[in-house]
Amino acid sequence: MSLLVAGTLAYDTIETPFGSVKDVLGGSAVFISIAASYFTTPVSLVGVVGSDFPKGEIDYLESRGVDMEGLQVMEHEKTFRWGARYHFDLNVRDTLFTELNVLEKFDPVIPPSYRKSSYVVLGNIEPSLQRKVVEQLAVKPKLVVGDTMNFWIHGYRSELEKTMKLLDVIIINDSEARELADTPNLIKAAKAIMKLGPRVVIIKKGEHGALMITKDTIFSAPAYPLENIYDPTGAGDSFAGGLIGWLAKTDDLSEENFKRAMIYGSTLASFCVERFSTERLKELTYLEIHDRFRAFKDLSKFDEAVALT
Ligand code: AMP
């Protein structure tokens with residue numbers, strides 16, 4: 001089914017305990033689109049870059065089946081830039097800088113060919129822009145998934161709450177969920193977030209996996225235990241891409257299929273962190289995805305307990 005992805009395309013500068021990279025490919029829409037493209041194409045991308053953005057990366061995304069008609073290129077302007085440093089505990093990162101650049105003038109225009117998309121992901125971007133994307137659609141999508149992060153929770157709270165009313169699913173990390181709901185308990189936080197709009201709340205917990213919480217159920221997906229993690233950047237977006245890619249491919253919104261989608265999301269995230277930037281995501285094979293999905297199943301499979309007495 002048709003999939004629309006809106007978000008950022010970025011130059012990232014990243015420091016982790018294992019190395020550093022400057023001005024590498026990043027951005028929410030980039031990670032989401034690449035991850036989703038392993039399940040469904042075309043992926044209709046909406047975003048903005050400056051004239052400094054490499055043509056080679058646009059060509060690469062197109063080669064993966066990402067439709068770039070919705071990409072605006074602003075002449076004489078700079079692409080969005082973001083810098084972060086990860087601690088020894090890779091679950092903790094400090095944002096070093098966020099240079100909005102082209103995002104300050106961005107006014108998303110959805111091409112007519114995208115307007116009937118059935119599945120929509122609103123990647124991290126200013127919440128009022130996320131809303132503008134949905135408002136231009138000609139038909140109500142089957143599923144709208146939204147992501148957000150601390151930067152937008154702090155500075156754009158009321159805009160974010162308006163956007164949340166349009167979401168079926170929100171994907172958010174644990175510290176952001178606590179902050180948004182103003183409670184330390186994640187289940188209580190999820191219930192409070194549901195009152196703001198989304199009926200499914202997915203809370204990412206870094207190397208501790210992800211929780212999916214609905215009115216009636218809780219599902220826990222582990223993170224794949226890896227010995228070598230180089231760069232967690234984009235893990236959350238790759239998770240979102242794997243999740244929506246699977247849902248759009250199968251066009252099945254049952255609870256069981258959502259659980260599978262959680263594992264495909266976790267699968268793509270686990271590959272993303274194995275190298276810097278999009279390096280690992282770009283070179284995946286279907287066999288690797290398939291094998292890791294199965295490995296997830298073995299990871300938490302156990303027999304039913306026998307009676308204790
Ligand atoms: P994640 O690690 O999944 O949270 O995603 C990190 C990616 O999001 C990086 O590639 C950044 O370029 C991008 N990013 C960082 N800050 C923002 C922001 N405020 N809005 C949109 N995208 C952002």
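The values are calculated or read from the model by the stated rules, or taken from the named source; none is laboratory data. None of these values were measured; they are calculated from a predicted model. For neighbour counting, all protein chains shown are included, and Cβ atoms are generated from backbone atoms with ideal geometry for every residue, glycine included. We work out accessible area using only protein heavy atoms, side chains counted, and drop any ligands, DNA or RNA first. Shrake-Rupley method; radii C 1.70, N 1.55, O 1.52, S 1.80 Å.
How many of the residues making up segment 91-103 are in contact with an Asp or Glu (Cβ under 9 Å, 6 or more places away or on another chain), in a loop (DSSP other than H, G, I, E, B) and more than 11 Å from the ligand (Cβ to nearest atom)?
Of the residues in segment 91-103, 1 are in contact with an Asp or Glu (Cβ under 9 Å, 6 or more places away or on another chain), in a loop (DSSP other than H, G, I, E, B) and more than 11 Å from the ligand (Cβ to nearest atom).
What number of residues within segment 236-264 are in contact (Cβ under 8 Å) with a residue 40 or more places away in the chain, of a type outside the set (F, W, Y) and part of a helix (DSSP H, G or I)?
Selection size over segment 236-264: 16.
Collect the residues in segment 237-259 that are within 13 Å of the ligand (Cβ to nearest atom) and open to solvent by 20 Å² or more (accessible area, probe 1.4 Å), keeping them in residue-number order.
Once the filter is applied, which keeps residues that are within 13 Å of the ligand (Cβ to nearest atom) and open to solvent by 20 Å² or more (accessible area, probe 1.4 Å), segment 237-259 yields only D237.
Quick check on segment 1-22: of everything there that is in a strand (DSSP E or B) and within 11 Å of the ligand (Cβ to nearest atom), which residue is farthest from K105 (Cα to Cα)?
Looking at the filtered set, the residue picked out is I14.
For segment 80-89, what are the residues that are more than 11 Å from the ligand (Cβ to nearest atom) and either open to solvent by less than 60 Å² (accessible area, probe 1.4 Å) or not acidic (D, E) (or both)?
Hits for segment 80-89 are R85, H87, F88.
Please enumerate the residues belonging to segment 272-296 that are surrounded by fewer than 24 Cβ atoms within 10 Å (Cβ to Cβ) and under 16 Å from V30 (Cα atoms).
Once the filter is applied, which keeps residues that are surrounded by fewer than 24 Cβ atoms within 10 Å (Cβ to Cβ) and under 16 Å from V30 (Cα atoms), segment 272-296 yields R275, F276, S277, E279, R280, K282, E283, L284.
So which residues in segment 109-138 are more than 21 Å from W246 (Cα to Cα) and more than 19 Å from the chain's Cα centre (by Cα), if there are any at all?
V109, I110, P111, P112, S113, E135, Q136, L137, A138
Give the number of residues within segment 160-177 that are under 13 Å from G197 (Cα atoms) and more than 10 Å from the ligand (Cβ to nearest atom).
Matching residues across segment 160-177 total 11.
If only one of G47, G70, G83 is more than 30 Å from K140 (Cα to Cα) and not in a loop (DSSP other than H, G, I, E, B), which one is it?
Within the list G47, G70, G83, the selection yields G83.
So G56 fits all but one of (1) touching a strand residue (DSSP E or B) at 6+ places or on another chain (Cβ under 6 Å); (2) free of Cβ contacts under 8 Å to residues at least 12 places away in the same chain; what number is the exception?
Unmet for G56, out of (1) touching a strand residue (DSSP E or B) at 6+ places or on another chain (Cβ under 6 Å); (2) free of Cβ contacts under 8 Å to residues at least 12 places away in the same chain: (1).
Testing K195 on (1) surrounded by 14 or more Cβ atoms within 10 Å (Cβ to Cβ); (2) more than 16 Å from the ligand (Cβ to nearest atom), one condition comes back false. Which one is that?
If we test K195 against (1) surrounded by 14 or more Cβ atoms within 10 Å (Cβ to Cβ); (2) more than 16 Å from the ligand (Cβ to nearest atom), just (1) comes out false.
Any idea which of (1) open to solvent by less than 70 Å² (accessible area, probe 1.4 Å); (2) at pLDDT 95 or above is the one S300 doesn't satisfy?
Here S300 meets the rest and fails (2).
From (1) in contact with a strand residue (DSSP E or B) (Cβ under 8 Å, 6 or more places away or on another chain); (2) near the ligand (Cβ under 10 Å from one of its atoms), pick out the condition that doesn't hold for F31.
Of everything listed in (1) in contact with a strand residue (DSSP E or B) (Cβ under 8 Å, 6 or more places away or on another chain); (2) near the ligand (Cβ under 10 Å from one of its atoms), F31 misses just condition (1).
Quick check on V46: is it open to solvent by less than 30 Å² (accessible area, probe 1.4 Å), modelled with pLDDT of 95 or more and either touching a Pro at 6+ places or on another chain (Cβ under 8 Å) or aromatic (F, W, Y) (or both)?
Here the answer is yes, as V46 does meet what is asked.
What are the residues in segment 50-65 that are more than 16 Å from the ligand (Cβ to nearest atom) and either open to solvent by 60 Å² or more (accessible area, probe 1.4 Å) or not in a helix (DSSP H, G or I) (or both), if any?
S51, K55, D59, E62, S63, R64, G65
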